[in-house]
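Heads up, the thing below is written out as structure tokens.
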Amino acid sequence: MSCVQTWKCQFEKPTIKAMIGELDPTVRGLYEDLRNSLLETLGVKPRLEWMGITWNWCETVAIEDGGLLSAVHLIPDPENPRVAIALSTVFFEKYPPSKLPKALHAGLGNATCVGHRSWCEWALSSNEAVDSIQQVIELAHQG
């Protein structure tokens with residue numbers, strides 16, 4: 001049995017190329033830009049992991065140092081490609097949401113807090129959104 005969308009097939013590990021290939025061509029470039037910037041900024045290549053029925057197969061970067069940024073998940077959902085980032089709540093003391101780009105405000109407002117981590121999620125919908133997400137990743141990584 002084969003799944004309609006590669007990223008949803010829990011027991012059939014997809015290739016990254018196949019998952020990216022299922023994205024709309026206009027979004028594919030945004031996804032690849034963000035993916036490449038993660039490698040440049042964090043110096044770590046994302047790993048492909050099954051993240052459960054909500055995020056399915058994702059490219060994940062886990063940060064082990066316990067700083068302001070603990071994880072980045074690229075979610076190649078063909079219907080809603082997005083990125084999820086786990087940030088320390090200290091990040092928001094250092095960088096108040098009102099000082100961050102407007103393109104991020106909806107994702108910050110809908111963030112889920114668990115302990116001292118906030119899970120923020122944004123759609124990869126425009127160059128502005130991707131640039132803003134890259135900015136937050138850089139700020140959190142720098143500490």
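Rule-based calculations on the coordinates, nothing more; no lab input. Computed from a predicted model, the values in this text were never measured in an experiment. No Cβ is skipped: glycine too gets one built from the backbone with ideal geometry, and neighbour counts run over all protein chains shown.
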In nanometres, the difference between 0.36 nm per residue of separation and the alpha-carbon distance of LYS99 and ASP33 is 21.4 nm
The local net charge around TRP55, scoring Lys/Arg +1 and Asp/Glu -1 for residues other than TRP55 whose Cβ lies under 12 Å from its Cβ, equals -2
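Calculate the FRET efficiency for TRP50 and THR15 from the Cβ-Cβ distance with a Förster distance of 22 Å, rounded to the nearest 0.05.
0.95
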The orientation-averaged projected area of the Cα convex hull of the range 6-142, in nm², is 7.8
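Net charge near PRO81: determine it from the other residues with C-beta under 10 Å of the C-beta of PRO81, scoring Lys and Arg +1 and Asp and Glu -1.
-2
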With +1 at each Lys and Arg Cβ and -1 at each Asp and Glu Cβ, the charge dipole magnitude of the chain around its Cα centre, to the nearest 20 debye, comes out at 160
Scoring only Lys, Arg, Asp and Glu (+1, +1, -1, -1) among other residues with Cβ under 15 Å from the Cβ of THR15 yields +2
The helix 127-142 Cα axis meets the longest alpha-carbon principal axis of the chain at an angle in degrees, between 0 and 90 and rounded to 10, of 60
The alpha-carbon center of the range 1-52 and that of the range 71-89 are separated, in whole Å, by 11
